[in-house]
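Structure first, commentary second.
The values are calculated or read from the model by the stated rules, or taken from the named source; none is laboratory data. Since the model is a prediction, treat every value here as computed from it, not as a measurement. Heads up, the Cβs are rebuilt from the backbone with ideal geometry, glycines too, and the neighbour counts pull from every protein chain shown. We work out accessible area using only protein heavy atoms, side chains counted, and drop any ligands, DNA or RNA first. Shrake-Rupley method; radii C 1.70, N 1.55, O 1.52, S 1.80 Å.
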Amino acid sequence: MGLGARDDAGPEPDAEGAGRSFAIGELADEFGLTHRTIRHYEDEGLLAPERDGTARVYGHRDRARLALICRGKRLGFSLAEIKEFLTLYDADEIQKEQMRFMQRIARRRIADLERQLQDVQQTLGELRIIDTQISDHFRKNGITETPTTEDTQP
């Protein structure tokens, strides 16, 4: 599975497009990226398009790698982690080391997100207590609360 597992990661990495080439604009539009972002991924060694004069020509492999990069970024992985994942993919035919690496960083990411979720839940609890205390203060003093824009929206 790894970064290639489907969800809403953009186009299927190995779907249509085998055997054809893509201009940078096509990939930018398809993945919702800027040309600059794609060039940055190239500078970081994540993509290696061929050249036709000064034009970059991306193949099926580049398109598939770009889908994996986008998914990895969406999941919160660093470009260094994504690069290592892609390097292991290229080096290991049965992807044993790639899967071990992915499992390790996925578990670390899960732990990080669970800590963040606890922090957010604690903060929300504190804010709700403050809100209740203020509402109680208003009610005790005969003050009408002013609805916020969040209170008036469906």
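Only one entry of 126, 97 meets the criterion of being open to solvent by 90 Å² or more (accessible area, probe 1.4 Å) and out of contact with any Phe, Trp or Tyr (no Cβ under 7 Å at 6 or more places or on another chain), and that entry is 126. Within the range 96-131, being in contact with a Gly (Cβ under 8 Å, 6 or more places away or on another chain) and among the basic types (Lys, Arg) holds for one residue alone: 109.
Regarding residue 41, is this residue more than 21 Å from the chain's Cα centre (by Cα) and hydroxyl-bearing (Ser, Thr, Tyr)? No: the conditions fail for residue 41. Looking at this structure, is residue 69 open to solvent by 70 Å² or more (accessible area, probe 1.4 Å) and at pLDDT 95 or above? The answer is no for residue 69.
Considering only residues that are over 15 Å from residue 79 (Cα atoms), buried (at least 16 other Cβ atoms within 10 Å of the Cβ) and of a type in the set (Ser, Thr, Tyr), which ones fall in the range 23-62? Once the filter is applied, which keeps residues that are over 15 Å from residue 79 (Cα atoms), buried (at least 16 other Cβ atoms within 10 Å of the Cβ) and of a type in the set (Ser, Thr, Tyr), the range 23-62 yields only 58.
Contact map, the range 100-119: residues that are touching a residue at least 24 places away in the same chain (Cβ under 8 Å) and open to solvent by less than 100 Å² (accessible area, probe 1.4 Å) paired with residues that are assigned to a helix (DSSP H, G or I) and aromatic (Phe, Trp, Tyr), Cβ distance under 9 Å, separation 6+ or inter-chain. Pairs shown: 102/85; 105/85. Considering only helices (runs of 4 or more DSSP H) fully contained in the range 29-125, which possess at least 3 residues that are of a type in the set (A, V, I, L, M)? Those helices (runs of 4 or more DSSP H) span 60-74, 79-91.
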